[in-house]
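Asker: The structure under discussion is supplied below as structure tokens; questions concerning it will follow.
The values are calculated or read from the model by the stated rules, or taken from the named source; none is laboratory data. All values derive from a computational prediction rather than experimental measurement. Methodologically, a virtual Cβ is constructed for each residue, glycine included, from the backbone with ideal geometry; neighbour enumeration extends over all protein chains shown.
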């Protein structure tokens, strides 16, 4: 299982000007920012990173996409989203769950992840979650459908 490294997160913090304190327990989730998602995706599409740095940025991108999806809904919309996510069964259901804009963003993220699935396998498995689990993320149907 791969994890983000301190050295990689420190470099990403510096380059992306992230408001890290250095005491984050779950770095990518704590620093996720749906409003900066486009900037983070552009960073992962850049090839000037080490594998550890790519892994850290990918973790940040996916966590920020989760934030982006949730930010686009009010509190009742979040409940509706999770209701749809829990009922998800097949790929054709994705257009019921996500907006066209969210699907378009996902396609860019998927493309970046798909270029090096072995490097990102821990991220893929984390967000896919085993089928039997009652725990689920808003992005789980996307990960299950595409990986």
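Asker: Answer yes or no: is there a residue in the stretch 45-52 that is more than 20 Å from residue 139 (Cα to Cα), modelled with pLDDT of 95 or more, out of contact with any helix residue (DSSP H, G or I) (no Cβ under 7 Å at 6 or more places or on another chain) and surrounded by 15 or more Cβ atoms within 10 Å (Cβ to Cβ).
Answerer: Within the stretch 45-52 (the criterion being more than 20 Å from residue 139 (Cα to Cα), modelled with pLDDT of 95 or more, out of contact with any helix residue (DSSP H, G or I) (no Cβ under 7 Å at 6 or more places or on another chain) and surrounded by 15 or more Cβ atoms within 10 Å (Cβ to Cβ)), the answer is no, since none of the residues qualifies.
Asker: Now for a different question. For the stretch 80-94, enumerate the residues that are assigned to a helix (DSSP H, G or I) and surrounded by 11 or more Cβ atoms within 10 Å (Cβ to Cβ).
Answerer: Our first condition is that a residue be assigned to a helix (DSSP H, G or I); within the stretch 80-94, this holds for 80-87, 91-94.
Selection gives 80, 81, 82, 84, 85, 86, 87, 91, 93, 94.
Asker: Here's a follow-up. Is it fair to say residue 109 is over 18 Å from residue 32 (Cα atoms) and part of a helix (DSSP H, G or I)? Walk me through it before giving the result.
Answerer: Working: over 18 Å from residue 32 (Cα atoms): no; part of a helix (DSSP H, G or I): yes.
So residue 109 fails the test.
Asker: Also, quick follow-up: For the stretch 34-44, state whether one or more residues are in a loop (DSSP other than H, G, I, E, B) and out of contact with any strand residue (DSSP E or B) (no Cβ under 8 Å at 6 or more places or on another chain). Reasoning before the result, please.
Answerer: So the first thing to find is which residues in the stretch 34-44 are in a loop (DSSP other than H, G, I, E, B), and the list is none.
No - not one qualifying residue is present in the stretch 34-44.
Asker: Still on this model: Just give me the residues in the stretch 19-44 being surrounded by 16 or more Cβ atoms within 10 Å (Cβ to Cβ), in contact (Cβ under 8 Å) with a residue 24 or more places away in the chain and touching a helix residue (DSSP H, G or I) at 6+ places or on another chain (Cβ under 6 Å), in sequence order.
Answerer: Those that are surrounded by 16 or more Cβ atoms within 10 Å (Cβ to Cβ), in contact (Cβ under 8 Å) with a residue 24 or more places away in the chain and touching a helix residue (DSSP H, G or I) at 6+ places or on another chain (Cβ under 6 Å): 27, 28, 32, 33, 34, 37, 40, 41, 43, 44.
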